[in-house]
1. Of the heavy-atom accessible surface of region 63-140 (probe 1.4 angstrom), what whole percent is carbon and sulfur?
2. Take each of the peptides 138-150, 100-112, average the number of other beta-carbon atoms within 10 Å over its residues, and list them starting from the highest.
3. Just how far, in whole angstrom, is region 136-163 from region 69-105 if you go by their alpha carbon centroids?
4. Check which residues have an amide H placed less than 5 Å from ASP158's amide H, if you skip close sequence neighbours.
Amino acid sequence: MTDATSEGIEPAKKKGKLTVALAAILGLAGAGAGYYATTQGLFPIGSGHGTPAGHGEAMHDSGPAALPDVTFVDLAPILVSLGSEGDMMHLRFHAQLEVAEPHAAEVERMKPRIVDVLNGYLRAVEASDLRDPLALSRLRGHILRRVNIVVGEGRVRDILVMEFVLN
C-alpha cells in the first residue's frame, strides 16, 4: 500500500516542475519580444514614435524646443478676510495669468473684472478648505475656470500662484 501511494505522488512533482520550467521559458520569451518591440518603435510610446530608441535625438539634433509664445499678466495682490467674527483669518493671494501672446491686450483690459471674480470666489471659500494639502491645486483649477469664463475660453492657459498666505 505504501508503494501505491509513493507512485501517485511522483508524477505530480514532475508535472509541477515541467509547468514551472515552461512558464519561465514563456515569460522570458515574452519579455524579450516586448523589449524588442518597444526599442524598435512598434509601440507608439515614448518620444521616438517609430524611430529606434536613442536614434530620435541624433537624427533631429536641432537643440532644445522653442519656448511657447506666452506672456504673463500680473494681478494685484488680494487680501481677503475669511471665517466668522470669532475666528477671523486673512488670505493674501497674488497670481499671474499665463496668456497666449496674441490675447495679452484683451486679458489686460479685463483685469478689473478678473479681480472682482477672484474676490468673490476667495471670500466664499471656507478657511477649513484651505488647510487641506491639495487646496492650492484645487483652488487653481477653480480660479482658472472662472477666469476663462470671464475672458473667454482659450485666452488664459494657466494661473501661476505667486503668493498664498493664510494667517
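1. Numbers: 2580 of 4740 Å².
C and S atoms contribute 54 percent here.
2. Values: 138-150: 16.0, 100-112: 14.2.
So the peptides 138-150, 100-112, ranked by packing, come out 138-150, 100-112.
3. Region 69-105 and region 136-163 have Cα centres spaced 10 Å from each other.
4. GLU98
The values are calculated or read from the model by the stated rules, or taken from the named source; none is laboratory data. Note that the structure is predicted; figures quoted are calculated from it, not measured. Using ideal geometry, Cβ is built from the backbone for each residue, glycine included, and neighbour counts are taken over all protein chains shown. Quick note on the areas: whole protein, heavy atoms, side chains included, nothing else; ligands and nucleic acids left out. Shrake-Rupley method; radii C 1.70, N 1.55, O 1.52, S 1.80 Å.
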